1. Order of 6-12, 85-91 by packing, highest average Cβ count within 10 Å first?
2. How far is it, in nm, from the label point at Leu207 to the one at Leu190 when both lie 7 Å from their Cα along the line to the Cβ?
3. With n ≥ 4 as the cut-off for DSSP H runs, can you work out [θ] at 222 nm for the chain, using -39500 (n - 2.57) per run divided by the number of residues, rounded to the nearest 500?
4. Using a 10 Å cut-off on Cβ atoms, rank the peptides 41-50, 115-124 from the highest mean neighbour count down.
5. Over the Cα atoms of the chain, each weighted equally, I'd like the Debye log10 I(q)/I(0) at q = 0.12, 0.15, 0.16, 0.17 Å⁻¹, rounded to two decimals.
6. If you average the sequence gap of Cα pairs under 8 Å that are 6 or more apart and divide by the length of the chain, what percent do you get for the contact order?
7. Residues in segment 156-182, backbone N under 19 Å from the label point at Asp35 (7 Å along the Cα-to-beta-carbon vector): list them, ranges by number please.
8. Quickly rank 21-33, 60-72, 127-139 as a protection proxy: mean count of other C-beta atoms within 10 Å, highest first.
Amino acid sequence: MSAMVSTFLVSLSAIFFVVDPIGVVPLFLAMTAGDTKQQIRSTALRACLVACGMMLFFAVFGRVIFQVFAVSLGAFRVAGGILLLITSLDMLRARPSSTRTSPTEEEEGVVKEDVAIVPLAIPLLAGPGAIATAMVLMARSGTSFVSALPVVAAVVLTFTSTYFILNASSLVQRVLRQSGVAILERVSGLILAAIAVQFIADGAKDLLK
């Protein structure tokens, strides 16, 4: 039981910080400017459902993808760790990560009528870093259904909290202000950097065996 709790806490912190719903709040506000409360709620719900479904899909079928492309878990851990490290360094500098979305995609999102799927769900919430994190965590947890539960629960809880954060995005930004969001970004980035280094170290050990 203690191992499952430990796996859940590590998974939750890694997935929540790489999804980074607080950092998405300013973009979400820009993309939903002028929308009614009902429209904002609907956009947040659909974005979180799609992103959660995408993360769970890659987490569950990650091993099959490894086999199809003949990629070892060690190699994917190193690649995922490097991707997370790049994201964490951008978070430490409190700037948008280019691994999640580009300025062009952000500008297109502001003028699109429906932004729930692209770019909110993909790639802002379920970007390459988040998908890689879910796949690595699931691969580390083992092959049994019970061992996979902590990772699945962490993904579901992350996007449940993300929905409430996005739904109350205007309140979050008023309370935290720009400086508060930047502080949270840096703290999250530091924790994410440590997790990324651990991923790389684990992957390197696997490759050297």
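1. My ranking of the peptides, most packed first, is 85-91, 6-12.
2. 2.9 nm
3. -27000 deg cm²/dmol
4. 115-124, 41-50
5. -0.59, -0.92, -1.03, -1.15
6. 45 percent
7. Only 159-174 fall inside the zone, counting backbone N under 19 Å.
8. Values: 21-33: 19.7, 60-72: 12.0, 127-139: 25.0.
Answer by packing, highest mean first, reads 127-139, 21-33, 60-72.
Laboratory data are not the source of any read-out in this text; all were calculated from the coordinates shown. On a predicted model such as this, the values are computed, not experimentally measured, just so you know. Note that each Cβ is placed from the backbone with ideal geometry, even for glycine, and that neighbours are counted across all protein chains shown.
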